[in-house]
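Worksheet for the structure shown next.
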Amino acid sequence: MSMQQDDIQRYLASILREEESLSSEEMAVFGKLIRLTVEYRDRRKAEHNDILTVEETKRALEAYEKALKDNKMPDGIDEKIRGLVKLWLKKINRIFF
């Protein structure tokens, strides 16, 4: 596993540690988010030889929150981040933009 891959997992785990008061439902959603992110990262690496960075993961989380709030996909995000956000929306929220 590369340094970037370890960094993404550490970043996501740090969010989980900071949120001590998560309900069991929220924990389940966060678990799905982590699993989907790792799968997406691995698929991007295998298919495009492209690395998903921690910064891109952070931007994707911001775009995901905005999409849920505004009920539309945010403008101005690149294809890699858009793909991850669409995956989360589809698999976690059953929303298709």
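General observations
- Cβ-Cβ distances below 9 Å connect the following pairs, each with a first residue in region 38-58 that is touching a residue at least 40 places away in the same chain (Cβ under 8 Å), a second residue that is surrounded by fewer than 12 Cβ atoms within 10 Å (Cβ to Cβ) and assigned to a helix (DSSP H, G or I), and a separation of six or more residues or different chains: VAL54/ARG10.
- In region 1-25, of all residues being surrounded by fewer than 12 Cβ atoms within 10 Å (Cβ to Cβ) and charged (D, E, K, R), the one that is nearest to LYS86 (Cα to Cα) corresponds to GLU25.
- Failed condition for TYR64, given (1) out of contact with any Lys or Arg (no Cβ under 8 Å at 6 or more places or on another chain); (2) over 16 Å from PHE30 (Cβ atoms); (3) assigned to a helix (DSSP H, G or I): (2)
- Entry remark, region 28-54: residues being in contact with an Asp or Glu (Cβ under 9 Å, 6 or more places away or on another chain) and part of a helix (DSSP H, G or I) number 3 in total.
- Some residue of region 23-32 being at pLDDT 95 or above and among the polar types (S, T, N, Q): no
The values are calculated or read from the model by the stated rules, or taken from the named source; none is laboratory data. None of the values given here were measured: they were computed from a predicted structure. Reconstructed Cβ throughout: ideal geometry from the backbone, glycine too, with neighbour counts over all protein chains shown.
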